Amino acid sequence: MRSIGELARASGLTVSALRFYDRSGVLVPALVDPVTGYRWYADEQVLPARLVAGLRRVGMPLAEIAAAVRHRAEPAVVGRLLDAHLRRLENGLADARRELSRVRALIDHEEYQMSTRLVLSRADLAAAIDAVRFAVGTDPELPVLSGVLFDVSADDVRLVATDRHRMAVARVPGAVDGPTRRLLAPVTLVDAVRELLGGTGDGVRAPLGVDGGADAHLRLDGDGLTVTVAGREVGGAALPDEFPDYQRLLGTRVPAYRITVDVPALRAQVAGRPPARVLRHEGVDVPVTVLGLDDAGGLRVLDDAALADAAPDAVRLGVNGRYLLDALDAGDRGQLLLELDGPIAPLAVRRPDDADAYSILMPVRL
């Protein structure tokens, strides 16, 4: 057995940190002397303590440190936790760069007026617009949600749209010249850009005179967005509103279930049978599709009878059926990856081959 001081020296944690992780239930001593209250640790607790120390140094939240310690014998689970935290750190760094760019812009008026130019694959930009367009809001009382955010970093641009009930994100890598920038493009401008880009395959024709492989050239400045493809140009003013901080909405929770689904088959199930529930929301009937697991751990759509017969602890998640069909169509793939946790956690719809393109659907309480 090791004293708390000995474990502190062996792990790199301080004595006060070990006391904290004991109170938190993350690293509980093997023995506590009932008379003196001294904590004693077994030799096999050195490795978990070193794991806690390393995760603490990189700023991982307490709940995720606890999960990593619990699942340390499951490398895949811990790997997903590490990947999620790394994405959070990268997003935080990107946010810091954007804010510093804004500070510089406030100090130097000329830099604020400077344009940011991007060269992107025309096909990739068209695919990104298709992946997020369905999630644009239409509520006239929330004009900030009636557009698509163009969030430019050092080597890519993320397109984001949300109507509060769902959110879609897609990333387009490319060459960026100029400061990082966030611009909220109205949906009418986005649709005009998509028409300019034309078809990216599937038999859709490109605009007259536009080479199907031509790059898209974007210019973002304080006034708006301009897109040029093979000499043809579309431009317009940006919305004046500040788009919500979508990074904080995404979260980094590791899902309980990650299921690969055949899109045509799932679409046929959702569209081809009556919804399990129909709820009235703000004067509109909302068809609720309920997703569950079959005996093999695959995804299935529950009808009203199956929902009634399901065990109380069975996995069930209700979503707006129309929104789910939109997300499946926007995925534009034969297979998609669905991530779900339970009845009150959002449903994530991802592309297996593109971690940066996904949508999130808010759950409907059953």
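Distance between the pseudo-spin-label points of residue 3 and residue 322 (7 Å out from Cα toward the beta carbon): 7.0 nm.
For the chain, the share of alpha carbon pairs falling in successive 20 Å distance bins from zero is 24, 46, 26, 4, 0 percent. Kirkwood hydrodynamic radius of the stretch 220-299, from the reciprocal of the average inverse Cα-Cα distance over all distinct pairs: 18.2 Å. 3J(HN,Hα) along the stretch 144-156: 5, 9, 8, x, 10, 7, 9, 10, 9, 10, 5, 9, 6 Hz, from the Karplus curve 6.51 cos²θ - 1.76 cosθ + 1.60 with θ = phi - 60°, whole Hz, x for Gly and Pro. Overall, the accessible surface of the chain at a probe of 1.4 angstrom is composed of carbon and sulfur to the extent of 52 percent. For residue 70 and residue 306, the FRET efficiency from 1/(1 + (r/R0)^6), where r spans their Cβ atoms and R0 equals 41 Å, is about 0.80. For the stretch 303-308, putting each phi into the Karplus relation 6.51 cos²θ - 1.76 cosθ + 1.60 with θ = phi - 60° gives couplings of 8, 4, 5, 5, 5, 5 Hz, in residue order, rounded to whole numbers and with x for Gly and Pro.
Helices in the chain, meaning DSSP H runs of at least 4 residues, each add -39500 (n - 2.57). Divided by all residues, the mean residue ellipticity at 222 nm is -10500 deg cm²/dmol.
When only the Cβ of Lys, Arg, Asp and Glu is charged (+1, +1, -1, -1), the dipole of the chain relative to its Cα centre reaches about 1040 debye. Based on protein heavy atoms only, the chain ends up with 52 Å² per residue of surface accessible to a 1.4 Å probe. Scalar couplings 3J(HN,Hα) for the stretch 356-366, obtained by applying the Karplus form with A = 6.51, B = -1.76, C = 1.60 to θ = phi - 60°, are 9, 10, 6, 9, 10, 10, 6, x, 10, 5, 8 Hz; x denotes Gly and Pro.
Residues 21, 38, ordered by accessible area of protein heavy atoms at a 1.4 angstrom probe radius and largest first, appear as 38, 21.
Using R0 = 22 Å, the C-beta based FRET efficiency linking residue 223 and residue 141 works out to 0.30. With a simple spin-label model that places each label point 7 Å from the Cα along the Cα-to-Cβ direction, the separation between residue 177 and residue 114 comes to 1.3 nm.
For the stretch 30-92 and the stretch 132-175, what is the separation of their C-alpha centers, rounded to whole Å? If we compute the Cα centre of each part, the gap is 36 Å.
For the stretch 306-366, the Kirkwood hydrodynamic radius comes to 12.5 Å, computed from all pairs of different C-alpha atoms. Placing a pseudo-label 7 Å from each Cα along the Cα-to-Cβ vector at residue 232 and residue 260 gives an inter-label distance of 3.8 nm. Altogether, the Stokes-Einstein calculation at 25 °C and 0.890 mPa s, with the Kirkwood radius of the stretch 20-78 over Cα pairs as Rh, returns a diffusion coefficient of 200 µm²/s.
The values are calculated or read from the model by the stated rules, or taken from the named source; none is laboratory data. Everything numeric here is computed off the predicted structure, so don't read it as measured data. Here Cβ is always computed from backbone atoms with ideal geometry, including for glycine, and neighbour counts include all displayed protein chains. The accessibility values were calculated without ligands, DNA or RNA, using every heavy atom of the protein model including side chains. Shrake-Rupley method; radii C 1.70, N 1.55, O 1.52, S 1.80 Å.
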